[in-house]
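What follows is one structure encoded as structure tokens, with my remarks underneath.
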Amino acid sequence: MDIYHAIMKEWYWFVIVGAIVSMAFTPTFLKAKCPKCKKRNLRTVDLDQQTRVGIQDREKRAYLTFFRCNSCGARLMRELTAPYEDASDSRWNAAFERALVTIA
Ligand SMILES: [Zn+2]
């Protein structure tokens, strides 16, 4: 009975560690799902330092990430893990004009 409990304890930790590891690596394996067309085709838009700082200063939001959907062309952004927000407004043009430079 003691051995059984010891094994269960090991599995418990194995499952927890496995869950944490898979959560950490999931975004690199799965492309994010576009909230507009529901296809997994969102690409992160990388900003150069100047553009990033400019947007941060203007918006007072330090952790914005920008996305473009390769299927429907939607422009999106989100703050950390918050829900996606529409970024089609022209005020975000500075971020997306750089999209051609990056995209992985
Ligand atoms: Zn889309």
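Given the chain, what whole percent of its Cα pairs are spread farther than 19 Å? Tail of the P(r) past 19 Å holds 54 percent of the pairs.
Net charge dipole, the range 1-92: roughly 520 debye, given to the nearest 20, about the Cα centre with Cβ charges of +1 for Lys and Arg and -1 for Asp and Glu. Protection proxy ranking, highest mean first, for peptides 80-89, 34-43, 12-21: 34-43, 80-89, 12-21, where packing is the per-residue count of other beta-carbon atoms within 10 Å, averaged. Every helix of 4 or more DSSP H residues in the chain counts as -39500 (n - 2.57), and over all residues that averages to -13500 deg cm²/dmol at 222 nm.
Readers should treat all values here as calculations from the given coordinates under stated rules, not as data from a laboratory. Keep in mind that what you see is a predicted model, and the values were worked out from it rather than measured. Cβ: placed from backbone, ideal geometry, glycine included. Neighbour counts: every protein chain shown.
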